[in-house]
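To start, the structure under review is shown below, and the notes come after it.
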Amino acid sequence: MATGKAKRSPEVIEDILIQRIFLVTLTDVDNKQLMYLESMAAENLRQGKSLLLNPDLMDEVLFGILSGQFTGESLFKYLTGCYGRAFKEGKKIGNMKDIDLQSSLLNGVVERAKKLVANYCRTYLHNPDMFPNSEKISAGSAILPIIFSAVSKNSTACGNEFLNEFFTDPDGYDSMAPIFKDLYDSLNHEISKVNDSPLGNFVQPLNALRMLVRFPNGGKALVSHPSWLPKGEAVNGRVIEKESILGSFFHISDLTDVMIGGELDDQLVDSSTSHVYDVSSTNLPAIMSNLHDGLEDVLLCLLNSKDTRERVLEYLGDVIEKNSSRAHMNIDKVTCASSGMFVNLSVVMLRLSNPFINELEKRDKIDAKYVSNGTHLNLRRLTPLHASEEEIGAWADENKSKSGNSRYSFICECFFMTARVLNLGLLKGINECKNLTRDLSEYTKLLSEQVKQPPSPYFQDEIARLNKIIDLVSDEKSSYEFQLDINIQQALSFYRLMIVRLVDFAGGFKMPLPSSCPMEFGCMPEHFVDDAMELFIFASEAMRERLDPFLLNDFMNFIIMFIARPNYIRNPYLRTKMVKGLNYWTPKRSDSDTAVTPFQGHQVAPVSPFQGYRLALGQYLVESVLKLYVDIESTQFSEKFYIRNEITQHLKYLWGEPSHLDAWKKFAKEEEKGVYLNFLNFLINDSIYLQDEGFNKIRELKEKEKEGKVHPWEENEVREYIRLALEDINMLAFTSEQITAPFLLPQIVDRIANMLNYFLVQLVGPKRISLESAEKYGFKPRILLKKIISIYVHIARDDKENTFAAAICKDGRSYNEKLFTEVVNIPGLGEEMTALGEFVNLSAKVKLAAIAEMDVEASLGEIPDEFLDPIQCTLMKDPVTLPSSKVTVDRLVIKRHLLSDSKDPFNRSYLTQDMLIPDVQLKSQIDEFIKSRTQPTPSSSNNITQSTGIF
């Protein structure tokens with residue numbers, strides 16, 4: 001009868017298992033695959049011990065091998081091989097049926113062997129001198145390949161298990177710090193090779209970094225590394241990007257900065273290097289997502305540990321501060337980090353902010369005091385929305401005394417850092433994208449000119465160079481557009497949080513605002529709101545159909561609240577930008593050439609999706625926009641006309657909406673002698689200046705045409721003057737139809753009458769001949785005349801006291817009775833304008849008023865100089881003394897002056913109406929003088945050339 005194979009004892013099995021793991025033996029002298037441990041075998045025999053290997057001998061076995069008995073090529077490879085063999089044996093043992101023996105072998109041999117091997121690996125790399133005759137090997141060259149393998153698609157469970165065992169050192173951080181340092185040095189070297197070309201193969205190094213920072217000692221070692229954050233006076237933004245470990249990873253981008261601030265990088269043009277990835281490639285979204293996922297993961301791991309969080313915030317703060325000059329128009333590429341780094345950082349910071357961006361109830365953690373006492377950012381050097389430097393300083397001192405050394409939450413730190421990074425990164429990218437679009441157009445035009453030149457080597461080289469520049473600029477533009485497109489929604493959500501928090505500081509979404517701007521609002525950096533509006537406008541242009549109307553509701557209400565509040569937002573240009581944002585979300589109305597008002601028979605643009613949501617503060621929109629129109633007077637003279645034109649476009653829309661029209665009428669009545677009067681005054685001023693400049697420029701160009709010296713830019717300039725003037729006159733036409741009372745006030749009635757008379761002289765008087773054939777400059781005399789007539793008629797309808805008629809005839813510079821007759825005689829005008837009959841009736845009233853005025857003037861005779869207003873040389877009716885210059889003027893005259901200028905005209909000191917001092921004695925003398933003169937004088941009239949030509 002056959003007998004079965006003899007069952008091995010546990011001791012024999014342990015011996016066999018240890019032999020297989022460590023490739024050693026105490027008995028088999030002739031086995032060439034195993035190392036015969038002769039000394040250990042002899043010592044065991046001497047002591048009468050067994051020659052079977054057991055777990056208690058494993059430490060001695062390894063020490064003996066490492067101490068000089070090993071004869072292979074690489075001791076470290078031997079150790080990692082031991083770990084691999086232990087891993088495989090453990091898998092085999094897992095299939096054993098004898099559960100007790102299985103547990104004994106796994107825990108007693110395999111797991112102990114793996115821990116022992118990992119410990120010796122650490123010891124060997126940390127202090128190789130302990131082991132004579134062993135080769136010198138760095139931690140980077142030894143461990144990094146294992147890490148790369150572990151993070152690759154072909155990773156094995158064994159490699160990951162070894163690394164977990166290796167990096168979990170019971171002896172603590174100090175023993176592992178040198179190993180981690182060497183690893184990060186090697187990793188930095190690897191990523192620097194990737195950065196030699198845009199979007200190189202960064203996946204392995206980035207995943208290796210992600211793995212290393214997951215180990216507590218790994219994160220701590222990274223933020224303690226000399227290359228974590230370079231220090232020294234010579235360190236700038238570019239140095240941090242190039243030399244810091246994280247900077248090298250954030251540098252990875254397909255953005256090349258080929259054009260920065262309008263300057264071409266000749267090195268990039270001359271280089272043969274081009275983008276590795278086509279922006280249109282379907283792989284690019286996945287590539288960029290992998291990059292940003294990895295960078296976010298690294299920062300989150302470091303921020304989640306108390307041992308590393310502070311160093312990460314310090315790093316981010318230093319990157320921001322050292323690159324603050326990226327906000328300038330021209331970026332210095334020598335001292336500033338690249339656009340690629342800051343766009344990547346923008347995306348990652350938005351991701352870090354995501355938990356509180358989408359949970360607005362967490363916004364209370366955003367503490368405004370951070371601006372004055374921030375721990376990692378110097379926000380006080382930035383231009384604030386309203387508060388002065390002294391006010392912020394005093395507030396900071398007060399906050400310090402109250403709060404002591406209290407720290408800010410991560411949400412607060414992250415919010416302000418994200419706002420600064422977006423300003424220097426994503427928002428700067430919007431600006432660069434616009435510049436690249438402009439540059440691309442210019443280079444394309446230049447190329448078209450070059451190809452027309454006669455063939456020559458020079459022009460061929462230049463054409464080749466221009467083609468390369470166009471390719472580079474086009475690629476760069478596409479790269480920016482891609483980055484902006486995929487991140488703009490998240491950025492809008494962040495800025496929605498920002499404006500909601502700003503509104504919190506001002507008391508919430510409600511009107512009216514407190515008269516005094518709270519410090520929490522006024523201290524905030526101006527660029528916070530500027531960036532919010534810039535992004536809002538860009539998104540409205542680039543991706544209107546994809547934007548969430550509900551999200552935009554907060555933006556619109558914010559605009560309404562602050563667009564006309566200089567005591568909250570001091571910068572008028574910033575408030576003007578808000579109007580541009582409004583205009584993107586209001587239907588456009590085009591004026592009909594034959595319409596008196598802009599809303600008769602108009603084609604209205606489709607209603608935007610935003611209009612489906614009710615604006616909580618919509619009733620204040622008209623008031624806010626009209627106030628802004630007045631505020632813009634403080635901007636540069638040449639710019640205010642274009643700014644006001646933006647405002648005018650929105651006002652045209654509001655006038656056509658019944659609810660806003662009611663609000664307009666209500667505001668005009670309440671502010672009839674205040675803001676609304678200022679609005680009309682500036683509208684009249686602008687109309688006169690623009691149309692007058694347009695008339696004069698047309699006449700100049702007609703003279704230059706004779707000599708053939710007209711430049712295209714001159715023609716464009718004239719067209720702009722004429723266009724802007726017509727917009728203003730059109731507004732006067734349609735507003736005067738329903739809101740007439742303010743035009744009849746003493747402060748404004750003479751101004752509007754003089755303006756209308758002046759335009760009438762230009763259009764139907766002798767000077768009209770010089771404006772013939774000017775249609776090519778956008779001049780439309782018939783349309784302009786009809787607008788002028790409509791304004792005359794609208795104001796005259798409510799002129800119960802003949803105030804307007806008297807003002808018309810008092811205009812000694814432009815009024816002439818026959819001008820009105822010339823208008824009536826223009827062929828076909830009566831058929832086009834039903835209101836022409838009213839204009840004829842006004843002409844008759846003006847004629848009667850002129851006769852009465854001449855009678856009064858004749859009765860007064862020569863007026864004593866002391867009764868004459870020093871500004872207009874007219875008889876003062878209500879003399880007042882100016883408090884600073886002590887000059888006496890007519891109250892009406894100075895009130896007209898103050899509508900445009902709040903300064904004493906004689907010494908430029910500040911002046912308001914309530915500061916005027918009545919001169920009671922002089923007024924009494926003037927009244928007596930008027931009573932004493934009653935003798936009338938005959939009237940006279942001037943001649944005028946018959947109307948022909950431009951009509």
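Legend: calculated FRET efficiency, residue 358 to residue 305, from the Cβ-Cβ distance at R0 = 25 Å, rounded to 0.05, equals 0.55.
With a Förster radius of 25 Å applied to the beta-carbon distance between residue 573 and residue 723, the computed FRET efficiency rounds to 0.70.
Where Lys and Arg each count +1 and Asp and Glu each count -1, what net charge lies around residue 397 among other residues with Cβ under 14 Å from its Cβ?
Values: positive: 369, 380, 400, 402; negative: 389, 390, 391, 398.
Result for the local shell: 0.
For residue 153 and residue 243, the difference between the fully extended length at 0.36 nm per residue and the C-alpha to C-alpha distance is 29.5 nm. Phi angles of region 245-250 translate, via the Karplus equation with coefficients 6.51, -1.76, 1.60 and θ = phi - 60°, into HN-Hα couplings of 5, 5, x, 5, 6, 5 Hz per residue; Gly and Pro are given as x. Rounded to the nearest 10 degrees, the angle from helix 111-126 to the longest Cα principal axis of the chain is 70 degrees. Round to the nearest 10 and give me the degree value, 0 to 90, for the angle of helix 621-631's Cα axis relative to the longest principal axis of the chain. Long axis of 621-631 versus the principal axis of the chain: about 80 degrees.
Compared with the alpha-carbon gap, the fully stretched path from residue 848 to residue 441 is longer by 140.3 nm at 0.36 nm per residue.
Its Cα centre serving as origin, the chain has a Cβ charge dipole (Lys and Arg +1, Asp and Glu -1) of approximately 1360 debye.
Annotation: lysines with alpha-carbon distance below 26 angstrom to residue 818 (same-chain offsets under eight excluded): 767, 780, 786, 787, 800, 810, 845, 847.
What does the net charge come to around residue 234 if you take all other residues with beta carbon closer than 12 Å to its beta carbon, with K and R at +1 and D and E at -1?
Working: positive: 231, 238, 322; negative: 233, 243.
Residues near residue 234 contribute +1 overall.
Could you tell me the relative contact order of the chain? Use alpha-carbon pairs under 8 Å, at least six residues apart, and round to a whole percent.
Reported as a whole number, the value is 6 percent.
Calculated FRET efficiency, residue 920 and residue 468, Cβ-Cβ r, R0 60 Å, to nearest 0.05?
Details: r = 82 Å, r/R0 = 1.36.
According to the calculation, E is roughly 0.15.
Spin-label pair residue 931-residue 489: with each label point 7 Å from Cα along the Cα-Cβ axis, the two points sit 8.1 nm from one another. The long axis of helix 389-403 is offset from the longest Cα principal axis of the chain by roughly 40 degrees.
Taking every DSSP beta bridge that has both residues in the chain, what percent is antiparallel when rounded to the nearest 5? Let's see the in-between values first.
Working: 11 of 13 bridges.
So the antiparallel bridges in the chain amount to around 85 percent.
To the nearest Å, what is the center-to-center distance of region 157-195 and region 678-707, using C-alpha atoms only? If we compute the Cα centre of each part, the gap is 74 Å. For residue 24, the residues whose modelled amide H falls within less than 5 Å of its own, excluding neighbours fewer than 5 places apart on the same chain, are 35. Placing a label point 7 Å from the Cα of residue 907 along the Cα-to-Cβ direction, the residues of region 867-894 whose backbone N falls under 16 Å from that point are 881-889.
A crude spin-label estimate for the pair residue 45 and residue 872, with each label 7 Å from Cα along the Cβ direction, gives 13.0 nm.
Local charge for residue 296 was computed over the other residues whose Cβ lies under 14 Å away, with Lys and Arg +1 and Asp and Glu -1, and equals +1.
Residues in the chain average 45 Å² of solvent-accessible surface per residue, probe 1.4 Å, ligands and nucleic acids excluded.
Which percent of the accessible heavy-atom area of the chain goes to carbon and sulfur, probe 1.4 angstrom? Numbers along the way, then the final one.
Numbers: 21610 of 43130 Å².
The computed percentage sits at 50.
Centre-to-centre, using Cα atoms only, region 440-492 and region 105-122 are separated by 62 Å. Between the alpha-carbon centres of region 532-568 and region 297-324 there is a gap of 31 Å.
If each residue of separation counts as 0.36 nm, what is the full-extension length gain between residue 510 and residue 802 once their alpha-carbon separation is subtracted? Don't skip to the answer; put the middle values down first.
Working: separation 292, 0.36 × 292 = 105.12 nm, distance 4.34 nm.
Extending this stretch completely gives an extra 100.8 nm.
With the simple spin-label model, which puts each label point 7 Å out from Cα in the Cβ direction, the residue 400 to residue 74 separation comes to 5.8 nm.
Each helix, a run of at least 4 DSSP H residues, gives -39500 (n - 2.57); summed and divided by the residues of the chain, these come to -19500 deg cm²/dmol at 222 nm.
The values are calculated or read from the model by the stated rules, or taken from the named source; none is laboratory data. Just so it is clear, the model here is predicted, and its values are computed rather than measured. With ideal geometry, Cβ positions are generated from the backbone for all residues, glycine too; neighbour counts draw on all protein chains shown. SASA here: full protein model, heavy atoms, side chains in, ligands and nucleic acids out. Shrake-Rupley method; radii C 1.70, N 1.55, O 1.52, S 1.80 Å.
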